[in-house]
Amino acid sequence: MPLNRTDDIRFYTEDSPLDRFPNGRPRVPDDILERMHLVTTEEAWGVLRRHGYNHQFAGNWLTVHPDQVLVGRAVTAQFVPTRPDLQAAIQRWGDANGGVGGQNSWVIDTLEPGDVIVVDLFGKVRDGTFAGDNLGTAIANRTGAGMVIDGGIRDLQRLQLIPNCGIFVRGVDPTAIAEVTLVGINNPIRIGEATVLPGDVVLGTCTGVIFIPPHLAEEVVVESERVRLMDEWGQMRLREGKYLPGQVDGAWTDEMNADFAAWQAARDSGE
């Protein structure tokens, strides 16, 4: 039964050279997560595409706190429409392994600080509400980050009051979760057109949600910081009228590269 099994998680994520949680999930360092808050979706997308990761973005979300950027390490969960024999087997597993409450709560009980719970509920909203204000509070308290639910939520008015909890969902409905069965924790899942593995860095912005493989997270951050610095210089020179837009937005000349290097050196030295 693929519910949070260490051997499976290590197999799925064997390309990651990073430290790991006890269950085998890659642990991207906290400082990379902090720096990731300033990365744009497009900057991350560019790095991922360069490495052949073409299916890591999912858009068209309802965001509960659209002004917040969501960053964290993915804990994945997968649900399917219920059938009685499968539901009975999963429930027996939960009863034997300390599962408390509904199957959605089993996933929440695994969360660590800095995690983002990412749930494949196959887009179900009615009777597909993974969390309301009680479970939303539990997620916020455990992670300090938030959730991405390819399904629904309930209690929106109360969820809006939870601070520092990024929430990306497909819709809202007053019904409780029903007629679905949990079939995986920390297994590969599909969210929209994206493939998500446990330990991926989740970056949720006003553009959408992108899932960054752990071994590329530092490169994404470093590239974003480089682009931001170049943009700062280029926009300054445009305001000054020193260069034309096509020059700044195209291939830089040797003169421009030297100008940028001198500006960066002065900036770094505090001049």
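Give me the extension gain from L86 to A258: residue separation times 0.36 nm, minus the current Cα-Cα distance, reported in nm with one decimal. Before the final figure, lay out each step's value.
On the way: separation 172, 0.36 × 172 = 61.92 nm, distance 6.53 nm.
That pair, L86 and A258, stretches by 55.4 nm at full extension.
Calculate the spin-label point distance for D7 paired with V172, positioning each point 7 Å from the Cα along the beta-carbon direction, and give it in nanometres.
Computed distance between label sites V172 and D7 equals 4.5 nm.
GNM on the chain, C-alpha springs below 10 Å: top fluctuator among I32, I167, I117?
Per the Cα network of the chain with a 10 Å cutoff, I32 tops the list.
For region 1-95, how big is the tail of P(r) above 17 Å, as a whole percent of Cα pairs?
Working: 3082 of 4465 pairs.
Counting every Cα pair in region 1-95, those more than 17 Å apart make up 69 percent.
In vacuo Debye scattering of region 220-269, one point per C-alpha: log10 I(q)/I(0) at q = 0.25, 0.29 Å⁻¹?
-1.03, -1.24
Take D67 and F122, extend 7 Å from each Cα along the Cα→Cβ direction, and tell me the distance between the two endpoints in nm.
3.9
Kirkwood Rh over Cα pairs of the chain into Stokes-Einstein at 10 °C, 1.306 mPa s: D in µm²/s?
In µm²/s, the coefficient rounds to 79.
Restricting to bridges with both residues inside region 118-271, how much of the DSSP beta-bridge set is antiparallel, in percent to the nearest 5?
Values: 7 of 19 bridges.
Roughly 35 percent of the DSSP beta bridges within region 118-271 come out antiparallel.
What number, rounded to the nearest 500 deg cm²/dmol, is the helix-based mean residue ellipticity at 222 nm of the chain, given -39500 (n - 2.57) per DSSP H run of at least four residues and division by all its residues? It would help to have the intermediate numbers written out before the result.
Working: 10 runs with 102 residues, N = 271.
Calculated mean residue ellipticity at 222 nm is -11000 deg cm²/dmol.
Given the chain, what percent of its DSSP beta bridges are antiparallel, to the nearest 5? The partial results should precede the final answer.
Working: 21 of 42 bridges.
Beta bridges within the chain, antiparallel portion: roughly 50 percent.
Under 12 Å from a point 7 Å along the Cα-to-Cβ line of N164: which residues of region 21-53 have their amide N that close?
none
Please get the size of the charge dipole for the chain, origin at its Cα centre, with Cβ charges of +1 on Lys and Arg and -1 on Asp and Glu, quoted in debye to the nearest 20.
On the way: 24 positive and 38 negative charges, 161 e Å.
For this selection, approximately 780 debye.
Set Lys and Arg Cβ to +1 and Asp and Glu Cβ to -1, take the dipole of the chain about its Cα centre, and tell me which of I185, L229, V100 lies farthest positive.
Of the options given, the answer is V100.
A short reminder: the numbers here are calculations on the coordinates, not readings from a lab. Because the structure is a prediction, the values reported are computed rather than measured. Reconstructed Cβ throughout: ideal geometry from the backbone, glycine too, with neighbour counts over all protein chains shown.
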